[in-house]
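The values are calculated or read from the model by the stated rules, or taken from the named source; none is laboratory data. None of these values were measured; they are calculated from a predicted model. Glycine gets a Cβ as well: all are built from the backbone with ideal geometry, and neighbour counts include every protein chain shown.
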Amino acid sequence: MADWNQIREKDFSLSTEFVYMNNSTFGSPLNIVNEKQSELVKRFSEGMYGERLLREVIFKLRGVTGSIAETICPGDEKPLIGIVNSVTEGMSLVANGIQLTAKDTILITDHEHNGGEMPWLLQAKRHGTVIKKLPLMPSADGDTWKEDLLERIKSIFETSTIKVISVPYITTSTGHILPIQELCSLARQFGVISVIDAAQAFSVLEIDFNSLGCDILVANGHKYLCGPIGTGFIAVSPKLAEPLMPTVVDKHNMEKGYKKGGPMSYPSVFALSDAINHYNVVGSKNIYTRLQKIGEILREELSSASDIFEVITPEDSDYSCVMTCFRVKGKSSEEIDTYLSRNGVHIKHANEGGADALRISAHYYNTQQEFNQLSKAIGMVTALPESEWPQFDLEKCV
């Protein structure tokens, strides 16, 4: 069992001046990440002549992509990995790499992050490609919601010619985990390319690329992985790699759309590998279990005062993890977020898909004292008596 307090003290340098629980936007980079970036910057500052660049950087890049492939796909058939700066960039490369025409239709959801939606809207503007939005209807809960969602997707596949379905693994403003495995299975049945935005899922859920059955998965390293800011990757099924058109090219990748041409931010790329290694050492199952329990505690406490709080994220652990989205009845989510921030507690006002919600995206490194501060701030802004403040007790994580 991981010692979370020791990990916080040894591996992170978070401020003691405020509480940070907005990891769904940016995670706090690990100390080893900062150290590796500084080390690589120093080497370049000394002068990175050709032989040294090849020996110390270029020839070692395969180890970085290999560590990513091994982490998301422990089986034999590995996806092809391309390094990007963010999911937004990755989704843009994917959308531009798939040949689209005015005859094609792209199915997305009504709860996309801008980075998952805008690349497809750009294709509609350029080529006349049709964009169809699938309502997720997140007010429903549990198995009924899942079955209804899959049935509606199947109906769309049966009645429309869809070329690509692009969806978030976890919605960015409600915290719903979509049934990706079943969704991708449907896509395969109808010959639809499946693209998964895993920005909120990578290093939260245990991901097996082959088991998911998707064609493309895009993720980043600067959220829950606690890697360098401005890092991410695209994972592409080898079966789909050849039809992809290149979007950023040089002589090394003229025929492969899953790679980026030219130099990249090598200090960040190599530090990403350190973050991957840390994730694997701590253990994906340990991290998932910890995060899932934190989410359960948050939702249980908020739901117990249902006359005050409206919890949007499902309570069923099959459809949610750590991200917890809620509203305070009769109060502005934006104003509450501003109040919490002024009192040293940083979460987020999430509005994608019109959610207008407060989003708590805590991490395994958040301490009991920080959860107590969150409790106090929520209690104060809702004018609850102290005896009725939500009690986010991490002892329940044991």
>> Regarding the range 362-373, can at least one residue be identified that is touching a Pro at 6+ places or on another chain (Cβ under 8 Å) and in the same structural domain as Thr313 (by TED's automatic domain parsing)?
In response: no
> Taking the range 155-208 only, how many residues are in a strand (DSSP E or B) and either without any contact (Cβ under 8 Å) to a residue 24 or more places away in the chain or among the small types (Gly, Ala, Ser) (or both)?
Replying inline: 2
> Which condition does Thr16 not pass, out of (1) exposed (fewer than 14 other Cβ atoms within 10 Å of the Cβ); (2) modelled with pLDDT of 95 or more; (3) hydroxyl-bearing (Ser, Thr, Tyr), if it passes all the others?
Replying inline: (2)
> Consider Val204 against the criteria (1) under 17 Å from Thr109 (Cα atoms); (2) touching a helix residue (DSSP H, G or I) at 6+ places or on another chain (Cβ under 9 Å); (3) buried (at least 21 other Cβ atoms within 10 Å of the Cβ); (4) of a type in the set (A, V, I, L, M, F, W, C): it satisfies all of them except one. Which criterion is unmet?
Replying inline: (1)
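Each row is one residue, and each column tells you yes or no for (1) in the same structural domain as Leu225 (by TED's automatic domain parsing); (2) among the acidic types (Asp, Glu); (3) touching a Gly at 6+ places or on another chain (Cβ under 6 Å).
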{"position": "Arg55", "(1), (2), (3)": "yes, no, no"}
{"position": "Leu80", "(1), (2), (3)": "yes, no, no"}
{"position": "Ile83", "(1), (2), (3)": "yes, no, no"}
{"position": "Gly97", "(1), (2), (3)": "yes, no, yes"}
{"position": "Met118", "(1), (2), (3)": "yes, no, no"}
{"position": "Glu147", "(1), (2), (3)": "yes, yes, no"}
>> Any residue that is of a type outside the set (Phe, Trp, Tyr), touching a residue at least 12 places away in the same chain (Cβ under 8 Å) and over 25 Å from Gln200 (Cβ atoms) - is there at least one of those in the range 106-124?
In response: no
> When both residues are 6+ apart or on different chains and their Cβ atoms are under 8 Å apart, which pairs have a first residue that lies in the range 209-227 and is on the phi < 0 side of the Ramachandran plot and not assigned by TED's automatic domain parsing to the domain that holds Pro179, and a second that is buried (at least 24 other Cβ atoms within 10 Å of the Cβ) and aromatic (Phe, Trp, Tyr)?
Replying inline: none
> Has the range 47-57 got any residue that is under 20 Å from Asp274 (Cβ atoms), among the charged types (D, E, K, R), in a helix (DSSP H, G or I) and at pLDDT 90 or above?
Replying inline: yes
>> I need every pair where a residue in the range 333-360 that is at negative phi has its Cβ under 7 Å from the Cβ of a residue that is in a helix (DSSP H, G or I) and surrounded by fewer than 16 Cβ atoms within 10 Å (Cβ to Cβ), sequence separation at least 6 or different chains.
In response: His349/Glu334
